[in-house]
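Every number here is computed from the coordinates shown, using simple stated rules; none is lab data. Bear in mind that the values here come from a model prediction, so they are computed numbers and not experimental data. Virtual Cβ from ideal backbone geometry, glycine too; neighbours counted across all protein chains shown.
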Amino acid sequence: MSGRRNGLVSGIAWIGGSAAAFLAAACLLPWIGSGSIGVDRVFAKAAPDYPIFVELRVSRTLLGLLAGGALSLTGALFQSMLRDSLAEPYTLGVSAGAALGAVLTLAFDFDRLLGVPATWVGALSGAAIVMLIVASAAWKSGRLSGVRLLLSGIALNSICSAFILLTGSVVRERHSISITQWLLGNVDSVSYPAVSGFALVVLVTSVVVISQARGWNLMAVGESWAASRGADVKRLTIAGYCCGCLLTAGAIALTGPIGFVGLIVPHLVRSRISPDNRILMPCSLLLGGVLLAGCDTIGRVVLAPAELPAGAVMAVVGGPYLVWLVRRRF
Amino acid sequence: MNEPLLDLRNVSFGYPGRQVLESVQFAAESGEFIVLIGVNGAGKSTLLDIVAGLRTPHAGEVRLSGRSLLAWPAGERARRISHLPQGTKQELPFTVEQVVLMGRYAYADRWFESDTDRTYAEDAMLRMDCLAFRDRLFSTLSGGEQQRVLLAACIAQCPAVMLLDEPSTYLDIHQQIHCFTTLAELAREGALCIAVTHDLNLALAHCARVLVLDGGKLEADLPIGAAARDSNWLARLSPLLRMAQTPDGKPWVLYR
C-alpha cells in the first residue's frame, strides 16, 4: 500500500515546491527592474531606492502574484466545473464582462461605491452578469454544452469589448487615457490597501474552492456522476460560480483584462504534475502567481526603461501555447 | 412493519407535452438481480435516474429502507445507492485508480483517501479486471476498458443498491459475460442490482427477475422462470423475437 501513496507524497512535494517558488518570486522579483536598486540602500531606507522598492516594486510584485494566482485558480475551477478544457475567465467572456464593468465606473468617474473602490464593484457586477448569461445560454436540457459555452463566451467577449471601445471613444480625453492604460493589463500603480483587500478575497475564496477539491474531481467527470457519488452538485455549482466571479473580478479590477494565465498554468500542472484537483488547484494558484509576476518583471526589463504591460507579455507567451494546445488536442 | 429495501410507489415523470413514466410501481429486496428491459425511449434511463435520486418524480415516491429517497442526505444516500451513468465523457484527465477512488467520496472524510478506501478500490479493480492498468490515463483506454473502470468505481462505493445503465456497453463478449457474472455475484453477496440492458440472453442467463417498460409503463414484472415460460413480453420489444431453449434446457431468445 505504501508504494501506492507515492503519488500523493510527490503531489504534496509539488505543492511545497510551488509554495517555495511563490515565496522566492515574492522576495526576488522586486529587486529586478530598470535602474538597479542597492540592497544596502533599501535596508538603510535611503531615498530614492527605498521608496521605489516599497511603493512600486513590492506592491506590483504582490499584485502580480495574487492576480495571476486568482486567474489561474479560476481557470482550473471552471475547467473542472464546466468539463471543458478551454474554459477560463478570458475565453468565457467573464474577464471582458469584468473589464466593461470597471471601464464604466472609470468613465462615470465613480471613485468609491459602497465603501470599496468603484472599479471592484463594476468588475464584480460585470463578471457575474456575463457568467449568468453565458451559463444560461449553454444550458440545454439539464446539462451544460461545452460548444455552446465557448461560443456564447466568445460572443459575450466581443460584445463587451465593443462596449469598452464605445465607452472609450465617447468619454472625455482624461478618462479615455486612464481607460486605455487600464485596458492594457498592467500591474503597476496599486495601493497597499487595495492589494491587501484583494489578498483577503483571494485567501478566503481559494480556501472555499480548494477545500472542495474532491468535489471538483467528481464534477470533472459529470454532474450525474458527482451526484451519485454523494456530492452536493447544486451547492458546488453555486460556490464555484460565486468564487470564480469574485476571483476574476478582483484580479481584473486591479490589473485590467489579462488572459491565458488561466489556461496555461492549469493545463501545464494537469499534464506535468497531477490532474487531481487536490494537487492541481493549489499548484495552479501558486504557479499562476509566479507566472504573472514573472511576466510583469520581464515586461519591465526587456525594453527598459520603457515598460511592457504584463498582459501583453502574457499574451505573447500564451497565444502560441493555445495554438499548440489546440493542435495537440483536436 | 418491515419495509422493502427499495419501494417505488406510483412514480410518474414527464416533460410538458410528453409523459415519460406513468405510475411505475415495484418493490425490490437486497440480493435481487433485476434487469430493466424496453425499447429505446421507453423510459428506462429516466427510471434509473429517479431511483438514483438524480431526478425528482412529478408524482409518486421512491422509498429506500422505509424512508423517502428525497429525505436521505446526499452522502448517506451515496453510501447506499450507486449509479452507473451512460455516455460518460471519454477525455477524463484522471488515471484509472483516481477514477475508481472517486467511488469512495462519500466515505473519505479526510482530504485524502485512507488505506481502507484504497483496499476497496483495489478489490473493485480486481473484480472488474482493470487492476493491470490502474496507473494509465482514463482517456487512453478503449471504450470497453473505460466502462470497466466506471463499473469498478461503482463497486468500490459498496452500495446496497447498484443501478447500472447499460453496463455491458462497449465490452467485448467475454467481458460482457464477466460483467453480468460479477453483478450476479454481488447480488448473491447481498446487493440489489438493477441493470438496464438490451442483451436478453445475457439477462436471462444471469438475472432473477425481468421488468419490462413500454411507453413509460411497467408492462411486465416477472421472475426469471415465468419470463422463460410466458414469452408475451418479447412482443413488446420486437415482433421478430421467439423464446427457445439451449440444449441444456436454459431459456434462449432467438430472432428471425
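A few notes on this one:
- Spacing of the two label points (7 Å from each Cα toward its C-beta) at A:Leu325 and B:Arg79, in nm: 3.9
- What the Cβ-Cβ distance of B:Leu240 and B:Ser142 gives, at R0 = 22 Å and to the nearest 0.05, is a FRET efficiency of 0.10.
- Relative compactness, segment B:1-157, computed as alpha-carbon Rg over 2.2 N^0.38 Å: 1.16
- Residues A:Val9 and A:Glu55, FRET efficiency given R0 of 35 Å [Cβ-Cβ distance, rounded to 0.05]: 0.25
- For the protein assembly as shown, a simple Cβ point-charge model (Lys and Arg +1, Asp and Glu -1, everything else neutral) yields a dipole of about 440 debye relative to the Cα centre.
- Most mobile of A:Glu307, A:Glu173, A:Glu55 in a GNM of chain A (Cα contacts under 10 Å): A:Glu173
- Highest average packing first - A:285-298, A:11-24, Cβ atoms within 10 Å: A:285-298, A:11-24
- Counts of other chain beta carbons within 10 angstrom of each beta carbon in peptide A:207-219 average 2.
- Counting, for every residue in B:66-77, the Cβ atoms of other protein chains within 10 Å of its Cβ and taking the mean gives 2.
- Under the membrane-span-like helix rule (DSSP H runs whose alpha carbons stretch at least 27 Å along the helix axis, mean Kyte-Doolittle hydropathy 1.6 or higher), chain A yields A:118-138, A:146-170.
- Beta bridges from DSSP with both residues in the protein assembly as shown: antiparallel share about 65 percent, rounded to the nearest 5.
- Cα-Cα P(r), segment A:3-329, percent of pairs per 10 Å interval: 6, 27, 35, 23, 8, 2, 0
- Beta-bridge orientation, chain B: approximately 60 percent antiparallel, per DSSP, counting only bridges with both partners inside.
- For chain B, a crude dipole built from +1 on the beta carbon of Lys and Arg and -1 on the beta carbon of Asp and Glu, taken about the Cα centre, is about 520 debye to the nearest 20.
- Ordering A:Trp139, A:Trp225, A:Trp324 by the number of other Cβ atoms within 10 Å of each residue's own Cβ, fewest first, gives A:Trp324, A:Trp139, A:Trp225.
- Largest GNM mean-square fluctuation among B:Glu166, B:Glu145, B:Glu91, using chain B with Cα springs under 10 Å: B:Glu91.
- Summing +1 for each Lys or Arg and -1 for each Asp or Glu among the other residues whose beta-carbon sits under 12 angstrom from that of B:Thr116 gives -3.
- Relative exposure of B:Glu219, B:Glu189, judged by other C-beta atoms within 10 Å (fewest first): B:Glu189, B:Glu219
- Separation of the alpha carbons by more than 24 angstrom is noted, of A:Lys140/B:Lys89; A:Lys140/B:Lys217; B:Lys44/B:Lys89; A:Lys234/B:Lys217; A:Lys140/A:Lys234, for A:Lys140/B:Lys217; A:Lys234/B:Lys217.
- Placing +1 on each Lys and Arg Cβ and -1 on each Asp and Glu Cβ, with no other charges, gives chain A a dipole about its Cα centre of roughly 1120 debye.
- Leading residue at positive end of dipole, the protein assembly as shown (Cβ point charges), from B:Gly66, A:Gly240, A:Thr61: A:Thr61
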